[in-house]
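Before any comments, here is the structure.
The values are calculated or read from the model by the stated rules, or taken from the named source; none is laboratory data. This structure is a prediction, so every number in the text was calculated from the model and none was measured. Cβ: placed from backbone, ideal geometry, glycine included. Neighbour counts: every protein chain shown.
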């Protein structure tokens, strides 16, 4: 499945460790992720793998993996998977910064519009100093 690398909609696969007592980690994780904000689709590919589609404005792979690990899921930590995840985390963080989303911000589009509104010339500004505005 080819997707546009500049698109904020990302589709990624998450692999789980096969040594976990829950052999159906992917199915359990799909049920958890379906209710999360920013997750568009989550589907089970097998007992140890799932595919998740999410909006980069609201979620990142790092946040999804952190959520899964905090609940008790074990991700596949083989060298290949760790390197792949590190590359994805870096590129998503760079893309979020280019989109105007700061670290840890959940609603970056609002911040973009607020910043743009502040820079526009309009009649809604009070040019008086702060101590004069509080005086009246």
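Go over the candidates 130, 48 one by one and state the one that is in contact with a strand residue (DSSP E or B) (Cβ under 7 Å, 6 or more places away or on another chain), modelled with pLDDT under 90 and over 18 Å from residue 9 (Cβ atoms).
Numbers: 130 fails: in contact with a strand residue (DSSP E or B) (Cβ under 7 Å, 6 or more places away or on another chain).
After applying the criteria, what remains is 48.
How many residues are modelled with pLDDT under 75 and within 15 Å of the chain's Cα centre (by Cα) when one looks only at the stretch 78-127?
The number of residues fulfilling the criteria is 8.
Which ones in the stretch 2-31 are over 18 Å from the mean Cα position of the chain (by Cα), surrounded by fewer than 14 Cβ atoms within 10 Å (Cβ to Cβ) and under 23 Å from residue 92 (Cβ atoms)?
2
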